[in-house]
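Encoded as structure tokens, the structure appears first; notes follow it.
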Amino acid sequence: MGKSYFHFLFPSANVHREFGAIFLSNLRNPTVKFVAHVVAALAVLGVSVSAFSQNYPTRPIRLVLGAAPGGSADAGARIMAPQLSQLLGQPIVIDNRPGANNNIATELVAHAPADGYTLLYAYSAALSVNPSLYEHLAFDPQKDFISVQPLASFQFILVLNKAVTANSVSELVAQMKAAKPGTFQYASAGVGSPNHLAAELFKVRTGVNFVHVPYKSGGPATISLISGETKLYFASLSSVIPQVNSGQMKALAVTGPKRSSELPNVPTMQESGYPGFDVTAWHGIVVPAGTPRPIVERLNREIVKAMASPDVEDGFKRQGLDVMHETPAQMTARIKSETALWSKIIKDAGIKAE
């Protein structure tokens, strides 16, 4: 048995024979005994991890998300889960952990066992915005997680109260620059929300000045725009399509790199004269750092298959979500680049989490 330890440490036959003889002759030495146990444990652990990965999964998988039931993230998780469950051969249990701008759910998964049985249905803001928005987080998105697969993205839309006479982004900017300070108020779903940050990026790119009026969620922000309490709002696109189509508000531009199929006549911010203006939020699956590579690869393969299902893709589309056809490496790069962008915006605007 002693020689098998040295086969593990020293593949060369000559080396393991020589060291094995020395090792066995000194086995009564407490230090050598300790080393023997460590080497044996490592050898067994290597076999155990390999076997564990090959048999994965053998029990239900928990999918944690930081949203309450009913929102687009929750809907996306519940649309994908049955298909993924069928492919993996185990139940997918949805675990809603709303609160603290997704930090509760994200922290929970960051500190969960790295065994593939706890996944995070991640919201982009938690991974690329919150590290700059909150002074003390109990997780580091770029160190504590492995990207498994990006799922879907959604963009925002610059909408106006119908009393505002501007019919294009350039006209709006001109009016705002000519107006007295405090004339224009913009709504958001809360301090540090994606629509708040989109407005701050707009402010940086155009040089305009306006007053931020934060609300507790998107619903009250939408109502404030329709009533005239605020004049503009970077709303999540899917949430205001009915109001735009009914004429309750005016749409000027979408914030993503391409036009929406739901509102094809509304140009992008880039088409409106602001190249590089791209504000899209997205959802993706991550697991705790240290999760064995074979498990990560298995999850990636099956999630890609699940997302390719017409039922899943159609279900996401109904929620205003565009399925992403990107790789885990691209997802990791997104987190890094978006963290740099929003870190500067947050710092320059002096934004602090409430």
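Using the average count of surrounding beta-carbon atoms within 10 Å as a protection proxy, the listed peptides 324-334, 299-309, 250-260 rank, highest first, as 250-260, 299-309, 324-334.
In plain terms, the residue of His111, His136 with the fewest other Cβ atoms within 10 Å comes first and the most crowded comes last, giving His136, His111.
Neighbour counts of other C-beta atoms within 10 Å: give me Phe156, Phe210 arranged from fewest to most. Listed from fewest to most nearby Cβ atoms, that is Phe210, Phe156. When Thr291, Thr183 are sorted by how many other C-beta atoms sit within 10 angstrom of their C-beta, beginning with the fewest, the order is Thr183, Thr291. You can think of it this way: the chain between Gln330 and Ile104 has 78.8 nm of extra reach, that is 0.36 nm per residue less the Cα-Cα gap. The residue among Gly207, Ile223, Asn195 whose Cα reaches farthest toward the positive pole of the charge dipole of the stretch 155-254, with charges on the beta-carbon of Lys, Arg, Asp and Glu, is Gly207.
Each eigenvalue of the Cα gyration tensor of the stretch 155-254, multiplied by 5 and square-rooted, gives one semi-axis; in descending order these are 18, 15, 12 Å. A simple spin-label model places the labels of Asp140 and Asn265 5.2 nm from each other, with each point 7 Å out along Cα-to-Cβ.
Legend: residue pairs Lys162/Lys216; Lys231/Lys336; Lys203/Lys317; Lys180/Lys203; Lys143/Lys317; Lys162/Lys203, Cα-Cα distance threshold 25 Å; pairs beyond threshold, Lys231/Lys336; Lys203/Lys317; Lys143/Lys317.
Comparing Cα centroids, the stretch 178-206 and the stretch 259-301 end up 23 angstrom apart. The charge dipole of the stretch 62-176, taken about the Cα centre with unit charges on the Cβ atoms of Lys, Arg (+1) and Asp, Glu (-1), comes to about 280 debye, rounded to the nearest 20. Between Ser337 and Ile226, the modelled labels are 3.7 nm apart [label points 7 Å from Cα along Cα→Cβ]. Computed from point charges on the beta carbon alone (+1 for Lys and Arg, -1 for Asp and Glu), the dipole magnitude for the stretch 155-254 about its Cα centre is near 140 Debye.
For the stretch 155-254, what does the relative contact order come out to in percent, with C-alpha contacts under 8 Å and a separation of six or more? Here the relative contact order equals 47 percent.
Every read-out reported here was derived from the displayed coordinates using simple, explicitly stated rules and does not represent laboratory data. Keep in mind it's a predicted model, so treat the numbers as computed, not measured. Backbone-built Cβ (ideal geometry, glycine too); neighbour counts: all protein chains shown.
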